[in-house]
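S.K.: Sharing a structure, written as structure tokens. Questions coming.
The values are calculated or read from the model by the stated rules, or taken from the named source; none is laboratory data. Keep in mind it's a predicted model, so treat the numbers as computed, not measured. As a convention, Cβ positions derive from the backbone with ideal geometry for all residues, glycine included, and neighbour counts pool all protein chains shown. All accessible areas refer to the heavy atoms of the entire protein, side chains included, with ligands and DNA or RNA removed. Shrake-Rupley method; radii C 1.70, N 1.55, O 1.52, S 1.80 Å.
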Amino acid sequence: MGDHTHPVMVAMRAFLQDHPDFASLRVAFSGGRDSSVLLHALARLRPQGLEAWHVNHGLRPDADAQAAFCVRVAEALDVALTVRKVTVLDDASEGPEAAARRSRYTALREGLGGRDLILTAQHADDQAETFLLAALRGSGPEGLQGMRVLRREGDTWLGRPLLEVPGEAIADYAEAAGLGWYDDPSNDDTRFDRNFLRREILPRLAERFPVHASLARSARWQREAVDRLESLEDERIPDEASLELASLAELDRPARRARLRAWLRAQGLRPPGHARLEEFCRQLEVHAPDRNPELRWADGWMGVYRGTICAEAPDAKSAVPGDVIPWPPGHARLTLPDGRMLERAALVALGVDAQEALEVGSRRGGETVVTPAGRRPLKKRLQERGIPPWEREHLPLVRRRSDGLVVAILWSDGDLSP
């Protein structure tokens, strides 16, 4: 295929010219038609740092066959491909689609930073579907703006070079290039809302209205309105990882929501939906000093402690052993499930017997910690250290096996001390 004036190639070249400073480009490659077009077009342009990743959710019997297909395509295009298997944990509060999406993007972010870019293949028809879904769910401008060509994704970035390209142009490119792709049978399952709209509703609307173009244009107008509001709010947001609760005190509810959304975006987090954010704001208004409002959603969490709001991505917390890990005498080191290493010599420096049989695990409740000043309740020690309640369950505790006393805590800043 030699037509460089095709809308797909025009969009790809424009995107790369507009965003030249990324060190690596990681294509999310499912093997489907759209991501096959994206990868093929990029393989023709050969930008620096190009690679592909296939995330295998293992949710269907043919998942491994799909991964094998992606390997063959990448080899034919001479593009490096990584296949990453993930386990989808379906939190009942978000549903299977959102859980799979969260697992997928967590995997795609692996090893990437602020100069790297994940590329996905959503196009203008997908944007129309996103707008209609948001409208049917009663979303405001934040949801109705749909997807963006470029946005933050945790510590890295997410780009959608084909977002302005119509679906029919994607199909035309695939046919002209003679591409094969992997048909995901779940795309025909109308139990999923997006598939229902795509298969049942939008074709009927398209018989009378230019529905895809019109809805995508409406999303663009909403995005412009959101950008204007965000630019005003961003000027008031401090470039800090926490937000003082006092800075929200004089704001009315809509302004408070806008301030929180802007601050979350500055942290690289996708804000929660309107209903959840509204409930969090309500809790801020009525919470007592001994209460700590907290909000968890698919893309992050935030909570209040000692007059400060903190927020992180759901995968940002350090892993803590779910089960107790024994640390027998004579073993100089112990590696935790998240890769961090504990040194027995550091414990000896704290006064722990080098031959003591130890174990590492999470908090159970009611523990006592041995400090140079004597034994203290673990809860008091955590309060003294200023550890918010939501972080306390994620701190590895080193206990004596003989009596269960805590002799050291691996704090979130990496310090190991009583």
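S.K.: For mean projected area of the Cα convex hull in nm², the choices are (1) 19.9; (2) 24.2; (3) 28.0; which was calculated from the structure?
M.R.: (2)
S.K.: Right, another one. Sorted by mean Cβ packing within 10 Å, highest first, what order do the peptides 118-125, 330-337 take?
M.R.: Result, highest mean first: 118-125, 330-337.
S.K.: Using amide H atoms built in the peptide plane, which far-off residues or other-chain residues are under 5 Å from LEU50 H to H?
M.R.: The list, which skips near neighbours in sequence, is LEU25.
S.K.: Let me ask something else about it. Among 379-389, 295-305, how do they line up from the highest to the lowest mean number of other beta-carbon atoms within 10 Å?
M.R.: Top to bottom by mean Cβ count within 10 Å: 295-305, 379-389.
S.K.: Could you list the chymotrypsin sites (Phe, Trp or Tyr not before Pro) in region 108-180 that lie in coil according to DSSP, counting only those with at most 12 other Cβ atoms within 10 Å of their Cβ?
M.R.: Sites meeting the loop and neighbour criteria: none at all.
S.K.: Mind ranking 17-24, 56-63, 265-272 by how tightly packed they are, going by the mean number of other C-beta atoms within 10 angstrom, highest first?
M.R.: 265-272, 56-63, 17-24
S.K.: Here's another thing I want to ask about it. Give the separation of the Cα centroids, region 119-191 to region 235-304, in Å.
M.R.: Between the Cα centre of region 119-191 and that of region 235-304, the gap is 29 Å.
S.K.: Ratio of alpha-carbon Rg to the 2.2 N^0.38 Å globular estimate for region 180-273, to two decimals, please.
M.R.: Relative to the rule-of-thumb radius for its length, region 180-273 sits at 1.59.
S.K.: Can you work out the FRET efficiency for the pair ARG208 and GLU168, with r the C-beta to C-beta distance and R0 = 30 Å, to the nearest 0.05?
M.R.: In this case the efficiency is close to 0.95.
S.K.: Another question, if that's okay. At a 1.4 Å probe radius, carbon and sulfur cover how many percent of the accessible area of the chain?
M.R.: 50 percent
S.K.: Using the heavy atoms of the protein chains alone and a 1.4 angstrom probe, what is the accessible area of the chain per residue in square angstrom?
M.R.: Value returned for the chain: 50 Å² of accessible area per residue.
S.K.: Assign unit charges at the C-beta atoms only (+1 for Lys and Arg, -1 for Asp and Glu), then state the dipole size of the chain relative to its Cα centre in Debye, rounded to the nearest 20.
M.R.: 940 debye
S.K.: At a temperature of 20 °C and a viscosity of 1.002 mPa s, determine how fast region 104-223 diffuses translationally according to Stokes-Einstein, using the Kirkwood radius over alpha-carbon pairs as Rh; express D in µm²/s, rounded to the nearest whole number.
M.R.: Rounded to a whole number, D works out at 136 µm²/s.
S.K.: Given the -39500 (n - 2.57) contribution per DSSP H run of 4+ residues, what per-residue ellipticity at 222 nm results for the chain, rounded to the nearest 500 deg cm²/dmol?
M.R.: -11000 deg cm²/dmol
S.K.: Quick one: which residues, 5 or more positions from GLU312 or on another chain, have an amide H under 5 Å from its amide H? H modelled 1.01 Å from N in the peptide plane, none for Pro or chain starts.
M.R.: TRP301
S.K.: In the chain, if the dipole is taken from +1 on Lys/Arg beta carbons and -1 on Asp/Glu beta carbons about the Cα centre, which of VAL304, LEU358, TYR173 is farthest to the positive end?
M.R.: The listed residue farthest towards the positive side: LEU358.
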